[in-house]
Structure formats: C-alpha cells, structure tokens
Amino acid sequence: MKKYIYKNKYILVSAMFFSFITTIFAIGVQFIKGDILDIAVSKNLNLVIVYSIILITLVLLECLTNYFFNQYRMKYAIKCAKMLRKDYFDCILNHPVKEFVKKNTSDYITKFSNDLEI
C-alpha cells in the first residue's frame, strides 16, 4: 500500500490540504453566525450587513475548497485503483501455467472485478 501512497503523494497531500482549509472555513462560518446573532440582538443593522457579507463569502469559499477536496480525493482513489488493478493483472500474467489452470477462470475474474473494488 505504501507504493500507491508514495506514487500519488502530491495528490494525497493536496486533498488533505483542501480538507484542512474546508474545515477552517466551516469553523469560521459557525463563529460568524454566532456574531451575527449577537449583533442582531443589539440592533446594529450596519454591522449585521457587514457580517452577513463575510458569512456569504466564507460559505462560498468553503464550498469551493470542498469541491477541490472532492476532486483530489477522487483523483487519488482512481489512480490507486488503476495501479492496483494493473499490479493484480501483471501478477496473474506472471503465474506459471500449471497454477493458472488449477483455478477456475471465474475466480480470477471475480477477484479482478469485485474484490479490487472493495
């Protein structure tokens, strides 16, 4: 498994970075929502508008970074699955013919299609 992580480490690090940034924005949104409530109770309309703009900006930034996180996460999963399938297929091809014939071909197909997905 280390082999798959090391070959795709930049994608993984990017996904972790965007996950961290998304979390920061989500926490910021919660704090700003609390501040808006406090300011609304004090009936300061100008400050409510300013904080509402900040809240909308933070929500948009959170959505944007969450999008990038999902993109990098899926790219990482797809590349690792491709590498795993290739390695499994190469392993099957490198088996001696006697061992290959002992098993039913459906076992190989099942492992390739179902078990690798898990």
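The values are calculated or read from the model by the stated rules, or taken from the named source; none is laboratory data. Since we're looking at a predicted model, the values are computed, not measured. Using ideal geometry, Cβ is built from the backbone for each residue, glycine included, and neighbour counts are taken over all protein chains shown.
Values for this structure:
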| item | result |
| --- | --- |
| Filtered residue count, segment 32-62, keeping only those that are surrounded by 12 or more Cβ atoms within 10 Å (Cβ to Cβ), free of Cβ contacts under 8 Å to residues at least 12 places away in the same chain and closer than 29 Å to Ser14 by Cα | 2 |
| Filter pass, Ala15 being surrounded by 13 or more Cβ atoms within 10 Å (Cβ to Cβ), among the hydrophobic types (A, V, I, L, M, F, W, C) and at pLDDT 90 or above | yes |
| Test: Asn8 is modelled with pLDDT of 95 or more and surrounded by 14 or more Cβ atoms within 10 Å (Cβ to Cβ) | no |
| Out of Lys75, Lys103, sole residue that is modelled with pLDDT under 85 and under 30 Å from Lys2 (Cβ atoms) | Lys103 |
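Residues checked against (1) in contact with a strand residue (DSSP E or B) (Cβ under 9 Å, 6 or more places away or on another chain); (2) among the hydroxyl-bearing types (Ser, Thr, Tyr); (3) more than 30 Å from Ala81 (Cα to Cα); (4) not in a helix (DSSP H, G or I):
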{"site": "Tyr10", "(1), (2), (3), (4)": "no, yes, no, no"}
{"site": "Ser14", "(1), (2), (3), (4)": "no, yes, no, no"}
{"site": "Phe20", "(1), (2), (3), (4)": "no, no, no, no"}
{"site": "Phe25", "(1), (2), (3), (4)": "no, no, yes, no"}
{"site": "Ile49", "(1), (2), (3), (4)": "no, no, yes, no"}
{"site": "Ile54", "(1), (2), (3), (4)": "no, no, yes, no"}
